[in-house]
Amino acid sequence: MALRDQLRVMVVDDMSTSRGLITQALDAFGIRAVASTSDGPSALKALESSPVHLVISDFNMPGMDGLQLLHALRTGARTKGVGFILITGKADKAIIEKGRQLGMNNFLKKPFDPSDLRACIEAVVGRL
Amino acid sequence: MSDPMDPMAEIRASFFIECEELLEALQDGLNQLEDGGEDTETINVVFRAVHSIKGGAGAFGLEALVRFAHRYETVLDEVRSNRLVPDHEALKLFFQAADHLSDLVRACRDDQPLPEETSAALLDELDKLLGDQTEEEVQPQDFTPLGVSLDLPGLSDLDDAADGSDPIPCWTIHFKPAFELYETGNEPQMLLRNLCALGEAEVSCDIGELPGLLDLKPETPHLAWTIRLTADVDEAEIRAVFEFVEGLCRLDITRDADPAAAPEAAAPAPMPDAAAEPGDPRPATPSPAPEAAPKAGSAGNSSKSVVRVDLERIERLVNLVGELVINQAMLSQSLESAGLSPHSDAMNGLEEFQRLTRDIQDSVMMIRAQPVKSLFQRMSRIVREASAAVGKEVRLITDGENTEVDKTVIERLADPLTHMIRNAVDHGLETAEARKASGKTEEGHVRLTAAHRSGRVVIEVADDGGGIDRQKVLETAVRKGLVPSDAVLSDTEIDNLLFLPGFSTAGKVSNLSGRGVGMDVVKTAIQQLGGRISIASERHRGTTFTISLPLTLAVLDGMVVDVAGETLVLPLNVVVETLSLSSEDVQMLRPGANVVRVRGGFVPIYDLGAMLGYRPVRTDFTGCIVLLISLDDGHRAALVIDGIQDQRQVVIKGLDDSFYRAPGIAAATILGDGQIALILDPADIIAGNGPIRVPDRSLKEKRADHG
């Protein structure tokens with residue numbers, strides 16, 4: 001079985017358009033086990049009962065931003081080791097540096113092509 | 001994602017819908033900033049709205065939109081990080097940029113040419129707010145991705161990652177409240193909640209001691225809890241949670257050696273536990289997480305779950321329900337004419353059916369209802385543009401934005417309301433100097449409000465300007481030959497002259513409201529919606545236009561009446577009472593003008609049969625039935641009819657454009673027996689004030705239809 005058949009991914013973005021685009025791309029890569037939520041707290045809650053291998057999260061979200069979510073993931077016993085890809089509209093130096101410190105696995109700048117997303121994911125989890 | 005053919009087209013369509021929501025949030029946020037609500041969350045919302053639009057636009061390659069949104073976002077980011085404090089002018093620019101952004105979004109959506117010049121001008125303005133900016137971005141190649149080790153297919157090992165250098169301690173807490181704990185008013189739930197707040201907790205309730213129902217003693221506590229807590233705390237911190245119930249419960253706290261080890265929890269844990277059975281491979285199918293966020297504790301008001309439905313589907317439903325209502329009425333009539341007793345099962349059942357039909361109808365109408373907020377936001381833009389065009393400082397105050405009205409009403413109200421708002425800014429409000437001279441604030445106010453009042457929607461446009469100069473209005477009307485020069489008119493009558501076709505008081509035609517479109521067009525548009533408009537004005541204090549509209553355009557509570565062999569429907573809400581005339585009730589003012597005495601007052605008589613051209617004017621009204629009607633503006637009239645058939649709810653069927661628009665006729669309906677009846681607009685009949693001309697041709701055709 002290929003990695004893509006088993007990989008479980010969670011997409012977190014407050015904009016349903018973005019969630020749709022990412023989910024659509026993941027689907028095209030053959031990754032079927034994809035869940036999505038519109039904010040960090042509900043992502044954390046969903047991960048409690050159904051853990052994933054990889055979280056793909058937007059940076060700019062109301063309430064809890066992507067890096068706050070990353071921090072919460074890294075301090076949770078159950079979610080400590082999950083892969084984390086940050087999607088951001090602006091690859092601001094400070095944001096990326098903070099992400100690095102928090103243990104961000106990779107980042108992707110918007111807008112992106114599906115192939116960019118694929119490369120970004122493969123850099124973290126290996127060949128799909 | 002139901003269309004497998006082109007999922008991208010669907011996402012694109014949903015992007016534009018989402019943009020409308022974001023633009024609304026943007027407007028709201030800017031309004032709050034203008035009102036001085038400069039908290040960080042507001043500016044965040046504003047920033048995020050623009051940012052999200054940019055993000056989505058980028059994904060669809062909408063370059064012009066991205067370019068504009070990007071610059072706008074950059075300026076807002078400056079505000080967000082306190083490097084720029086927006087003054088009045090900057091806020092004005094933000095509003096303009098928001099308006100322009102929505103223009104761009106719509107142009108992109110409809111594949112229309114983009115207003116590039118406006119973009120360029122606004123981009124320049126936005127640039128002026130920015131100092132020298134060098135954006136320092138990290139390139140992807142400067143970041144070394146961090147791989148994760150995935151132990152597929154199970155996810156149980158994710159927990160083992162916690163075996164790292166600095167493990168978070170894991171505690172097992174047994175908590176059994178004693179009788180005294182409950183007696184002193186303590187609540188275990190609160191304690192558990194406080195405990196859970198310390199870290200990640202799994203709570204299981206031990207019901208092993210719970211006796212059977214018959215042996216249950218309500219005063220004796222039987223429950224105990226086992227809590228597995230993963231938190232970076234020491235024992236004292238855990239004990240602190242139970243500080244106030246010390247001695248009132250049994251409390252055992254133990255620290256686990258290895259957090260990953262499966263707990264030998266006594267009771268089966270009701271919570272799903274991903275780590276409990278390491279040997280069990282997780283099923284390959286994901287348990288889908290909720291798409292939206294209706295979960296407890298997620299972001300505030302946006303968590304209301306919403307379904308987007310194609311309007312066409314709703315239209316179909318509305319039409320079908322309309323048919324259902326007609327069908328039900330027909331069934332009811334045929335049962336009645338079959339001679340069934342009103343107490344028979346069939347008639348009782350029908351009554352129930354009738355009630356259900358009505359409930360369904362109401363519910364379906366609710367689907368079409370929308371808050372007027374979007375309309376009001378459009379008006380705030382009109383105010384901004386209009387005030388800038390005439391060089392006045394104007395503030396729009398809105399109230400009742402959440403009032404819900406039929407979607408079609410909202411759409412068709414946009415044009416007349418735009419015109420009224422422009423009028424208020426242009427003609428209603430005085431210049432800043434004039435306002436100052438009369439002791440008012442230099443900034444003029446236009447108030448736009450919506451409210452539900454007795455089954456109708458009332459929308460008001462009020463300005464605090466100079467009020468209507470009645471002298472001038474009358475002079476203009478006389479000069480234009482609209483009223484005789486010796487006419488003596490009441491204030492209300494003079495105000496209503498504004499609604500006459502071809503009336504314009506503005507000395508010079510301004511580039512704003514003087515476009516050859518007068519208040520008469522506004523009035524016609526409102527009337528076509530089944531609404532009415534009235535004016536109240538006070539010199540030096542301002543003018544208020546009041547629009548009253550039906551909640552829905554689809555159904556009407558009507559009174560079915562006979563006039564000269566025709567069946568007509570009148571809106572029930574205008575009918576006050578019915579009278580049978582005796583000879584002394586009626587007084588003739590002059591030939592063709594009669595009044596009826598109603599409790600000391602006089603009400604003009606309108607002979608419907610003659611006004612609609614069905615028969616010659618009556619000379620004797622003795623024995624006639626009249627409907628006394630009262631309109632929103634206080635006018636009363638007595639309509640002469642031949643008989644009353646029924647009161648019932650009728651489904652409004654609009655008259656196609658191919659029909660001649662006969663004054664006094666609002667629409668048509670299909671009655672229970674399949675007959676077509678015209679629905680009258682009483683206000684229009686009275687406004688017409690005289691015999692209404694109905695072309696003979698259409699009347700003959702209508703008769704021929706009936707056979």
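The values are calculated or read from the model by the stated rules, or taken from the named source; none is laboratory data. Predicted model only: the values in this text are computed from it and were never measured. Don't worry about glycine lacking a Cβ; one is built from the backbone with ideal geometry, like all the others, and counts go over all protein chains shown. Remember, those area values only see protein heavy atoms, side chains included, never the ligands or the DNA or RNA. Shrake-Rupley method; radii C 1.70, N 1.55, O 1.52, S 1.80 Å.
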Residue among B:LEU549, B:VAL560, B:MET519 farthest towards the positive dipole end of segment B:515-627, charges placed on Cβ:
B:MET519
Roughly how many percent of the accessible protein surface of chain A is carbon and sulfur, given a 1.4 Å probe and a whole-percent answer?
50 percent
So for segment A:3-122, using the alpha carbon gyration tensor with a ≥ b ≥ c as root eigenvalues (a/c under 1.5 gives rounded; past that, a/b versus b/c decides prolate or oblate), I'd call it rounded
In debye to the nearest 20, how big a dipole does segment B:337-434 give about its Cα centre with +1 on each Lys and Arg Cβ and -1 on each Asp and Glu Cβ?
360 debye
Under a crude label model (7 Å from the Cα following the beta-carbon direction), how far is B:ASP415 from B:HIS222 in nanometres?
7.3 nm
Mind checking which of B:ILE468, B:PRO484, B:ALA451 is farthest towards the positive end of segment B:444-498's charge dipole, using Cβ charges of +1 (Lys, Arg) and -1 (Asp, Glu) about the Cα centre?
B:ALA451
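Once the Cα gyration tensor of segment B:58-120 is diagonalised, what are the square roots of 5 times its eigenvalues, in whole Å and ordered largest first, as equivalent ellipsoid semi-axes?
After diagonalising the Cα gyration tensor, the semi-axes are 24, 13, 8 Å.
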Can you order the peptides B:385-396, B:537-548 by their average number of other Cβ atoms within 10 Å per residue, highest first?
B:537-548, B:385-396
Magnitude of the charge dipole, segment B:166-255, Cβ model with Lys/Arg +1 and Asp/Glu -1, debye to 20:
180 debye
If the chain between B:PHE353 and B:ARG597 were fully extended at 0.36 nm per residue, the gain over the current Cα-Cα distance would be 83.6 nm
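From other protein chains only, count the Cβ atoms within 10 Å of every residue's Cβ in A:35-41, then give the mean.
6
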Mean Cβ neighbour count within 10 Å, used as a protection proxy, ranking A:60-66, B:214-220 highest first:
A:60-66, B:214-220
Give me the number: length gained by fully extending B:SER344 to B:ARG193, i.e. 0.36 nm times residue separation minus the C-alpha to C-alpha distance, one decimal in nm.
48.4 nm
Total accessible surface hidden between B and A, rounded to 100 Å², 1.4 Å probe:
5300 Å²
Which net charge results for the neighbourhood of B:LEU65, defined as the other residues with beta-carbon distances under 11 angstrom from its beta-carbon, given Lys and Arg at +1 and Asp and Glu at -1?
+2
Tell me, what is the FRET efficiency for B:VAL521 and B:VAL488 to the nearest 0.05, using R0 = 30 angstrom and their Cβ-Cβ distance as r?
0.60
Using a/c under 1.5 as the rounded threshold, could you call segment A:59-128 rounded, prolate or oblate? The axes a ≥ b ≥ c are square roots of the C-alpha gyration tensor eigenvalues, and prolate needs a/b larger than b/c, oblate otherwise.
oblate
Calculated P(r) tail over 17 Å for segment B:166-255, as whole % of Cα pairs
48 percent
When the Cα centres of segment B:354-372 and segment B:311-347 are compared, how far apart do they sit, in Å?
16 Å
Relative packing of B:492-499, A:82-89, B:348-355, which averages over residues the other C-beta atoms within 10 Å, highest first:
A:82-89, B:492-499, B:348-355
Could you check the simple spin-label distance between B:SER580 and B:SER149, using points 7 Å along Cα→Cβ, in nm with one decimal?
10.0 nm
For peptide A:81-88, how many partner chain Cβ atoms fall within 10 Å of a residue's Cβ, on average?
4
If each DSSP helix of 4+ residues adds -39,500 (n - 2.57) and the sum is divided by the residues in chain A, what number results at 222 nm, nearest 500 deg cm²/dmol?
-14000 deg cm²/dmol
Taking Cα centroids, how far is segment B:589-617 from segment B:39-65 in Å?
63 Å
PRE reach from B:ASP562 (point 7 Å along Cα→Cβ): which of segment B:636-652 fall under 16 Å by backbone N?
B:640-647
In peptide A:99-107, what is the residue-averaged number of other protein chain Cβ atoms found within 10 Å of each Cβ?
3
On a C-alpha basis, how far is the centre of segment A:56-128 from the centre of segment B:69-87 in Å? Whole number, if you could?
25 Å
Computed for segment A:3-122: size of charge dipole around the Cα centre, +1 on C-beta of each Lys and Arg, -1 on C-beta of each Asp and Glu, debye to nearest 20, value 300 debye
